[in-house]
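Just below is one structure, and these are the notes that go with it.
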Amino acid sequence: MNIEIAGPEWKSIKTDLLLLPTYEKNIPSGDSGPIPENTLNELLSELEDTGEWKAAQGNSKLLIAPHGIPARRVGLIGMGSIDKPFDPGKFRTAVMNIIRAVHSAPIPGITAVIDVPGMQADICRMLFEGIFLGLFNPGIHKTSGSRSPEPESIRLVTSLDRKKAETILTEARILCEAVNLARRLSNEPGNLLYPELFVEETEKAVSGTGLGIEILAEKELREKGFGCLLAVAQGSRNKPRLCVLEHNPFPDKQARPLVLVGKGVTFDSGGISIKPSESMEDMRADKSGACSVLGAMLAIARLNIPSRVVGIMPLVENLPGGNAQRPGDVVKAYNGTTVEIINTDAEGRLILADAMAWAVETFNPSCLVDIATLTGACVVALGHIRAGLFSNNDFLSEELFQAAARGGEKLWRMPLDDDYKESLESKIADIKNCGERWGSAVTAAKFLESFIGETPWCHIDMAGTDFFRSGINKGTPPGFGVTSLVEFVKAMSGRDPKILSA
Ligand code: BES
Ligand code: MG
Ligand code: ZN
């Protein structure tokens, strides 16, 4: 996609798609105003009067361009009221929805008005990201049909210079390729992407990036004592894996790495504690945490962020086969903790517990972030808008919260009081894998906390944000977490790990 910076004559140059941010009360963005002003303003007024258009933040509408406007289509993007802070995620979603609404028609040329004073770089970034994310095709198993190809050129109405816009484009492309990979993999069905094939996809994705890769197969997992992970995996013929990626730009230094761990349940039937069949097909996306970690590691390597980062993906399938674990079983975790299995559907925390305990012992991380579609309770608490953020470290938690916001994703800090751990007390083992129903997003986090020792740690429960939403984006997984993790790693890179213990 070529970038052109528009000169004043842009208002008369024909384009395939004109992207036009508009504020509430009919104020077009920036100083330049829209083109031929009267035609468009009249149309906007009419659409607002009839209720067909509201410029609320995040709204978008694709119009057939009215006569007199030199565009085939006009994409309206709601900016909300002029005094409201800019919401990068909403803007990106609006652009994405316009591109998706174009569907398969080619859009060789786009003109985008992004001359909103003071925030042109942020808007430019979210514009590019919205375009790349909007081109994602969720229907890869359809025997016919496709999505629009990447536009050939984009003309920006902006005071940014071309070099700056090109740097933003390069980063946005790298990031969105990573997000789109996470989306594609998290949406793949369980029969086409089980742990062994997830590893193959990972090997393909990382080749040529400089990322180190290590795979632990079943035999090594058994020898090393990944008792919880193996207990989940034993109900399926598809064997588990632990996939480890490493980005180490300074191999001589052996710095303590920042470690990312993602839940990779390639299909979660619940096991013997089987789930109801309604929407069970969504549980193919129960590997979204692992997909986010893979996407983040790819982007981190390709952007060459100057820090050592390790990404760990425990991969299993949770099925109720003849050898499946039973409620009541007692298994031994990697760190020696004995776990009484109360509910085989609380499997995510089991595979994360082993992976995190192993990570702490093997890498002595400066900090660890895990990300998982962990609990239905978190969906009840926060819906589809924010993911739960749990942490034993206020500084780290704030960094991650802010990083997510910059990346256009929303988190919300949740509690971790020790009182919540009481319901995990077992009469026969060290801990139960599931407590009472109430507050069970927190008890799940408390379970995880007992496997990370003193390591500064954050846990993201993205069950609500990753499962498919309603509206135009139904059926397209968002690849939640990739941008948050990348922004977070950028922010932490070069920081003295000691600030974490302060
Ligand atoms: N993968 C699910 C969590 C989930 C639920 C993700 C809904 C997305 C949407 C997880 O493995 C699970 O089944 N959790 C149980 C835990 C319970 C048995 C303690 C849950 O949330 O019901
Ligand atoms: Mg489950
Ligand atoms: Zn699960």
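The values are calculated or read from the model by the stated rules, or taken from the named source; none is laboratory data. Predicted model, so just to flag it, every value in this text is computed and none were measured. Heads up, the Cβs are rebuilt from the backbone with ideal geometry, glycines too, and the neighbour counts pull from every protein chain shown. Surface accessibility is based on the protein's heavy atoms, side chains included, excluding ligands, DNA and RNA. Shrake-Rupley method; radii C 1.70, N 1.55, O 1.52, S 1.80 Å.
What residue, among those in region 252-271 that are surrounded by 20 or more Cβ atoms within 10 Å (Cβ to Cβ) and away from ligand 3 (no atom under 14 Å from the Cβ), is farthest from the chain's Cα centre (by Cα)?
If we filter region 252-271 for residues that are surrounded by 20 or more Cβ atoms within 10 Å (Cβ to Cβ), which is where we start, we get 257-269, 271.
Cutting the leftovers down to away from ligand 3 (no atom under 14 Å from the Cβ) gives us 257-261.
Values: PRO257: 21, LEU258: 18, VAL259: 17, LEU260: 13, VAL261: 13 Å.
Only one residue tops the list, namely PRO257.
Filter region 358-381 down to the residues that are open to solvent by 10 Å² or more (accessible area, probe 1.4 Å), more than 12 Å from ligand 1 (Cβ to nearest atom), in a helix (DSSP H, G or I) and touching a residue at least 60 places away in the same chain (Cβ under 8 Å) and list them by number. Passing the criteria: TRP358, VAL360, PHE363.
Just one of (1) of a type outside the set (A, V, I, L, M, F, W, C); (2) assigned to a loop (DSSP other than H, G, I, E, B); (3) within 11 Å of ligand 1 (Cβ to nearest atom) fails for THR443. It is (2). Of all the residues in region 403-432, those that are under 23 Å from ARG125 (Cα atoms) and open to solvent by 80 Å² or more (accessible area, probe 1.4 Å) number 1.
Residue by residue, here is whether (1) at pLDDT below 95; (2) farther than 20 Å from VAL102 by Cβ; (3) of a type in the set (Lys, Arg) holds:
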{"site": "LEU43", "(1), (2), (3)": "yes, no, no"}
{"site": "GLU46", "(1), (2), (3)": "yes, yes, no"}
{"site": "ASP49", "(1), (2), (3)": "yes, yes, no"}
{"site": "ALA55", "(1), (2), (3)": "yes, yes, no"}
{"site": "LYS61", "(1), (2), (3)": "no, no, yes"}
{"site": "ALA65", "(1), (2), (3)": "yes, no, no"}
{"site": "GLY68", "(1), (2), (3)": "yes, yes, no"}
{"site": "ARG73", "(1), (2), (3)": "no, no, yes"}
{"site": "SER81", "(1), (2), (3)": "yes, yes, no"}
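Do the conditions hold for LYS474, that is, is it among the basic types (Lys, Arg) and buried (at least 22 other Cβ atoms within 10 Å of the Cβ)?
The answer is no for LYS474.
Give the residue that is least open to solvent (accessible area, probe 1.4 Å), with candidates limited to residues of region 325-354 that are more than 15 Å from ligand 1 (Cβ to nearest atom) and either of a type in the set (Lys, Arg) or not in a loop (DSSP other than H, G, I, E, B) (or both). Step by step, filter region 325-354, then rank; the result is ASP354.
Condition (residue is outside any loop (DSSP other than H, G, I, E, B) and either open to solvent by 20 Å² or more (accessible area, probe 1.4 Å) or of a type in the set (D, E, K, R) (or both)) applied to region 458-470: is it met by at least one residue? So that I can check it myself, show each step before the final result.
First, the residues of region 458-470 that are outside any loop (DSSP other than H, G, I, E, B): 458-461, 463-466.
From the residues that got through so far, the ones that are either open to solvent by 20 Å² or more (accessible area, probe 1.4 Å) or of a type in the set (D, E, K, R) (or both) too are 461, 466.
Scanning region 458-470 turns up at least one residue that is outside any loop (DSSP other than H, G, I, E, B) and either open to solvent by 20 Å² or more (accessible area, probe 1.4 Å) or of a type in the set (D, E, K, R) (or both).
Based on what the data block shows, is ARG284 in a loop (DSSP other than H, G, I, E, B) and open to solvent by 10 Å² or more (accessible area, probe 1.4 Å)? In short, no. Of the residues making up region 308-324, at least one is open to solvent by 20 Å² or more (accessible area, probe 1.4 Å), at pLDDT 95 or above and either among the polar types (S, T, N, Q) or within 20 Å of LEU411 (Cβ to Cβ) (or both).
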